[in-house]
Structures are given as structure tokens and as C-alpha cells.
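Undergrad: Structure incoming, see below.
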Amino acid sequence: MRDTRTLPLVLTLVSAQFVVMLDSSILNVALPSIATELDLSPVGTAWVLNAYFLTFGGLLLISGRAADVFGRRPMFLLGAGVLVAGSFLGGFATTDAVLIAARLVQGVGAAMLSPAAMSVILARFTGPGRARAMSGWGAASTVGGAAGVTVGGLLTAAFGWQSVLFVTGAVAGAIGVAGWVLLPPGPRGARRPFDATGATLVTGAAVAVVFGVLSAPHSGLLSVEVVGAAAVAVACLIGFGLLEQRAADPILPTRLLRDARVGGGVGVNLLGGASRVACFVLVALLLQQVLEYGPGIAGLAMLPTSLAGFAISILVLPTALQRLGPQRVAVLGLLLLTVAHLLLATVDNGDSYVLRILPALVIAAAGVAFSFTPTTLVIAEGIAARNSGVSSGLASSTAQIGGAIGIAVFGALDAARRADVLQAGGTALAAAEAGLQAANLAAAIAAAAAAVLAVLAFPELRGLLTGRRRGVEAEAGS
């Protein structure tokens, strides 16, 4: 921690997460402009977003493993380079096929970059130093996701949607250069095997799950795409489980999932990720379709979320982690997310931004900051430092897969409710209000369920419940 390069290194690592989260949301406000200029169908428009989540969520775990085996620095630099290439390819796209292909490439780069960066933090720092560095990581996640909506709206309004992708590429390039200068070479040690077959199986399962979930709203639950994806995912998971039992150095030892911190953290991240990732998508739709803001104003309306998320993550989160521990803080964050989505579900056309929207955005920022980073730390506690890439990939992949599921499920509820209102003779505005209300209520339920699961699964919280129950029983017996 005394190394003068430590602060620049941490800033570079958390900046990598910033650009990854920026890229995940920066096209949200630009989508209507993209759909108009490229004449996209509703399905094509959805896949501009979905393509990124398909490769990003599907490759996070195996990219984390690759960082452990081949080196964190090479994976970081390669990920930054691929993200730059995908961003510029998308900026020059003139057809939907090229743009969707570019988003797939961006997802691959982000999947390499994010776990490589986080694994450096988890391997290099412990105790309070890790808490501070991961608080910076949480700030970057919150600010990046919210800033994506703000920056995307302003750039789209001023320079067109292509500028959104060019800016992402430029930022990723700057981070790659900083990584080249600051990232230390990995320690020299015994060469670890890379289980290519296991990697193929687990990646196939993750990609199939994400593809099936993203296809469901447009193709139907019983469509060939969804049923086929489910079959592929099940087959890959079974094969992966059998293979890992015999592997000399398994990618994800099955015994790890029996650790309550890891297994419970995975479940919490799936549900919490659904609520977190969907939050920014639903807010972007709410601002434009219910409050009827233009892209630039909608982007500015999200700015307080970035500022609040940064301040909370830097100033409040480290103290909260030190005093309460990550397990308690994670539950607090999930409860705040629940409240935020409930508040957003009550917003109607004409409501005051300051009185109705702003409080919900600040609470949402706190909920995101207090839920993802602490849950990641809980998972990391159950996995050895030499496998920090796996722990970072597992935490990020489950959050992103949960986010993909959330967007699909909440989007389907939104669409169904809108259709009911329109069929009954309601206006498009009334349909948007009803649809987004249903989606936000479902997101609140997901966050609340994650909080309940955390209380039941995390050892520290479960111990408190067990102790209190025994105390009540002892008092009743006396």
C-alpha cells in the first residue's frame, strides 16, 4: 500500500469497470435514434442491447479463469483492445447486422477487461485496503451505469448516436494505455493447466442461458430458440459438473458452491442483478415515455444518480463495510433498491422531478452501491486468492445473467400490461405508465427476495437469526 504506484493503479482498475458499465447503458437513450436511422424492427432494436449482454454475461466466468491461468495483465490489455475495436466498428456501422456484431465484440472485450481488473484488486489487497479499493469499484459501477444514460443522451442529442460508440472506444483506449504502463507483470510460478473442455462447456451453458432469456420476450417461452437454448444449457451444465469432479485444477470446484458465502452470494447476485441492471433501463424509459423528456433532458435527469452513487461509494461505503461487514451492507443495499423501485412504480405523467423522481434516483444509487460490491466481497471470502479471477468472474457473471433475466422478465411484463391497456382503448401514455409500473413492482419483488435470501444464506446473518430464535425458545421454556 506504500507503493506510489498504488493509487494510479487502483484508479486504472476502477476506470476499467467504469467503461464496462458505461458501455452497458450508454445506448439506452440512443436506441430510438438508432432504430429510426437504421430502420430497425422491435426485435432488432432489442438485440442492439441484448448482443452486448449475451457475450458479456456468457464469457465473464471463463475470462476470470483465463486471467488466473494466463495472467491478469495480458487479459486486461487484450480486453481493452477488443473493446476499442468493437466500439469503433459500431460507430461506423451502417446496417443493423454490423451494429449488432459490434455489440457482440464489445461484450467480449468487456468480459475480458472487468474480471481481470477486479482480480488484481482481490489478489493484491486485503482487509481495509481491499474494502477501500472495492468501494472505488462500486463507485465506478454506479457512476458508469448512470453516466451511460446521461452521456448517451447528451451525445446523441448533440452529435448523433455514432458519437456514443466513438467516445466509449476512446475511453477504453486510454484505460488500455494506462494499464500497459501501470499493471505489474504476474508472479512467476508453476504453470497452471487450462481446462479447455470445461471452459467450452461452462461458456456454452452461460451463453445459452442468456440467449434463451433474451429471446423469450420476442419468440415466446415455447419457441425453438428458447427450448433449444434451455436444452443446450442443461446439457452443458451436466457435462461441466461431471468433468469438474475429475479435473486436476477445476475451473469452478463444486465444493465452492457448497460454501454458503459462495452459493448464497450467487443466488443473491442473480436476483439483485435483475433489479440493479433493470433499474437504469426502466428509468430511461420512464423519463422519456412517461415524463416525455427528450434524450438530452433525460440524460441530464440521470446525472444526480451518478453524483450520488459516487459520493456514497467513496464516502459512506468503506465505513459501512468496516463497521457492519459486507453481509449486512448487502442486505441494506437490496432493501434500498426495493424502496427505489416501489417509488418509481408510483410515477405518473406530470409528476415533479424534484419531489418524485430525484429521491428515487438517489435511493437507487445507494442501493446499487450497497448491494453489488458487498455481495462480491462475500463471494470472494469463500474463494482462495489464487482463484481471484474466478471469484470476480463468478460475481460479475451472475449479476449480469441476473440482469439479462430481469430485463427480459420485466420487459415482458411491461409489454403485456401495455397491450392490455391499449386493447382496452387507453392511450400510449397510459399504457406506458401501466407497463412501467408493473415492471418496477416486479423489480422491487426481485430485490426484496434477494434480501430475504441473503438473510437466510449468509453465515453471519443466519447465525444471528439462529441465536435470536434460540433465545426466544429459551425464554418461552422458562
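Undergrad: Let's see if you can work this out: charge +1 on each Lys and Arg Cβ, -1 on each Asp and Glu Cβ, no other charges. What is the dipole magnitude of region 91-217 about its Cα centre, in debye to the nearest 20?
TA: 560 debye
Undergrad: Report the local net charge at residue 86: Lys and Arg +1, Asp and Glu -1, summed over other residues whose C-beta lies under 13 Å from its C-beta.
TA: Once positives and negatives cancel, what remains is 0.
Undergrad: Taking a probe of 1.4 Å, how large is the accessible area per residue of region 370-432, in Å²?
TA: 32 Å²
Undergrad: Which of the peptides 230-241, 372-383, 426-437 is most tightly packed, and how do the rest follow, judged by the mean count of other Cβ atoms within 10 Å per residue? Mind showing how you got there, number by number?
TA: Values: 230-241: 16.7, 372-383: 25.8, 426-437: 18.6.
Per-residue mean Cβ counts within 10 Å order the peptides as 372-383, 426-437, 230-241.
Undergrad: A follow-up question, please. Would you mind pulling out the separation of the Cα centroids of region 1-78 and region 303-339, in Å?
TA: Between the Cα centres of region 1-78 and region 303-339 lies a distance of 23 Å.
Undergrad: What do you get for Rg/Rh of region 26-101 when both radii come from the Cα atoms and Rh is the Kirkwood radius?
TA: Rg/Rh: 1.07.
Undergrad: Rank these residues by their accessible area, most exposed first, probe 1.4 Å: 65, 73, 417, 258.
TA: Largest accessible area first, the list is 258, 417, 73, 65.
Undergrad: The list [x] 92, 56, 53; [y] 68, 63, 49; [z] 89, 59, 47 gives values of Cα extents along the principal axes in Å, and only one came from this structure; which label was calculated from it?
TA: Calculated Cα extents along the principal axes in Å: the matching label is [y].
Undergrad: Can you give me the long-range amide H partners of residue 93? Hydrogens built in the peptide plane at 1.01 Å from N, cutoff under 5 Å, separation of 5 or more residues or another chain.
TA: none
Undergrad: Given a 1.4 Å probe and every protein chain left where it sits, what share in percent of the accessible area of region 375-454 is carbon and sulfur?
TA: C and S fraction of accessible area: 67 percent.
Undergrad: Sticking with this structure for a sec: Ignoring ligands, DNA and RNA, what percent of the accessible area of region 297-374 is carbon or sulfur (1.4 Å)? All intermediate terms of the calculation are to be shown ahead of the outcome.
TA: Details: 2270 of 3050 Å².
Carbon plus sulfur share of accessible area: 74 percent.
Undergrad: Can I ask one more? Give, rounded to the nearest 20 debye, the magnitude of the charge dipole that region 241-289 has about its Cα centre when Lys and Arg contribute +1 at Cβ and Asp and Glu contribute -1 at Cβ.
TA: Approximately 100 debye in magnitude.
Undergrad: Pop the C-beta distance of residue 445 and residue 92 into the FRET formula with R0 = 30 Å and round what comes out to the nearest 0.05.
TA: That gives a FRET efficiency of 0.10.
Undergrad: Still on this structure, I have one more. Where nothing but the Cβ of Lys and Arg (+1) and of Asp and Glu (-1) is charged, how large is the charge dipole of the chain around its Cα centre, in debye to the nearest 20? It would help to have the intermediate numbers written out before the result.
TA: Values: 27 positive and 21 negative charges, 379 e Å.
Magnitude of the dipole: close to 1820 debye.
Undergrad: Which whole-number value in Å² is the accessible area per residue of region 1-115, probe 1.4 Å?
TA: With the other protein chains kept in place, region 1-115 gives 34 Å² per residue.
Undergrad: Then there's this: On average, how much accessible surface per residue is there in region 194-260, in Å², for a 1.4 Å probe, leaving out ligands, DNA and RNA?
TA: So region 194-260 comes to 52 Å² accessible per residue, rounded to a whole number.
The values are calculated or read from the model by the stated rules, or taken from the named source; none is laboratory data. Predicted model only: the values in this text are computed from it and were never measured. Cβ atoms come from the backbone with ideal geometry, glycine included; neighbour counts cover every protein chain shown. Side chains are part of the model used for accessible areas, which takes the heavy atoms of the whole protein and leaves out ligands, DNA and RNA. Shrake-Rupley method; radii C 1.70, N 1.55, O 1.52, S 1.80 Å.
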